[in-house]
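The values are calculated or read from the model by the stated rules, or taken from the named source; none is laboratory data. Everything numeric here is computed off the predicted structure, so don't read it as measured data. Note that each Cβ is placed from the backbone with ideal geometry, even for glycine, and that neighbours are counted across all protein chains shown.
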């Protein structure tokens, strides 16, 4: 089926915009409405071959999926914030320097990781993907993913140890990485 012309898509947009807007307004936070509606019509433009016969139900389903994705993302961000706060719950609230120092060390250690190490850790920690799903994202077997995650965790732990010992260090000495090779607390999670 031939793609819609600009004029045909403009007509589709004019015909269904108000209905999609009402649909989203009844379901989404007010600050998210415009983004969800815009993303819905972007998806419609990109996937025109999927909705020719019944465009409005397709637009509703797409808007609903956009809202669900946004809610999942918000839940992940909230869960991450709770976990990060939990790291500092036991700390002395007056120890601002310690908290700032730890964050500085973590950021520095993170930036010393390779892109693939950052990616595997982000999928596990921030996205909270189960191992099998993260393996698919990375194009790895489950065993390959588990090994890459374990190595990335050890490398991050080693870099954190070096940062705490000498924040000006650029690379952990080989003994530090070798010492971190046994099972660390990061591997147990």
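Listed residues 60, 159; which is farther than 30 Å from residue 13 by Cα and at pLDDT 85 or above?
Numbers: 60 fails: farther than 30 Å from residue 13 by Cα.
Answer to the check: 159.
Determine whether segment 102-115 contains at least one residue that is within 24 Å of residue 155 (Cα to Cα), at pLDDT below 80 and either in a helix (DSSP H, G or I) or more than 27 Å from the chain's Cα centre (by Cα) (or both). Please lay out each step first, then the result.
As a first pass, look at segment 102-115 and keep what is within 24 Å of residue 155 (Cα to Cα): 102-115.
Remaining after also requiring at pLDDT below 80: 102-103.
Narrowing the set further to residues that are either in a helix (DSSP H, G or I) or more than 27 Å from the chain's Cα centre (by Cα) (or both) leaves 102-103.
Checking segment 102-115: at least one residue is within 24 Å of residue 155 (Cα to Cα), at pLDDT below 80 and either in a helix (DSSP H, G or I) or more than 27 Å from the chain's Cα centre (by Cα) (or both).
Checking residue 93 against (1) modelled with pLDDT of 80 or more; (2) surrounded by fewer than 14 Cβ atoms within 10 Å (Cβ to Cβ); (3) not in a helix (DSSP H, G or I), which test does it fail?
All conditions are met except number (1).
Quick one: how many residues across segment 125-153 are free of Cβ contacts under 8 Å to residues at least 12 places away in the same chain and more than 23 Å from residue 75 (Cβ to Cβ)?
Residues flagged as free of Cβ contacts under 8 Å to residues at least 12 places away in the same chain and more than 23 Å from residue 75 (Cβ to Cβ) within segment 125-153 amount to 7.
Give just the number: which of (1) in a helix (DSSP H, G or I); (2) loosely packed, with under 12 Cβ neighbours inside 10 Å does residue 63 not satisfy?
(2)
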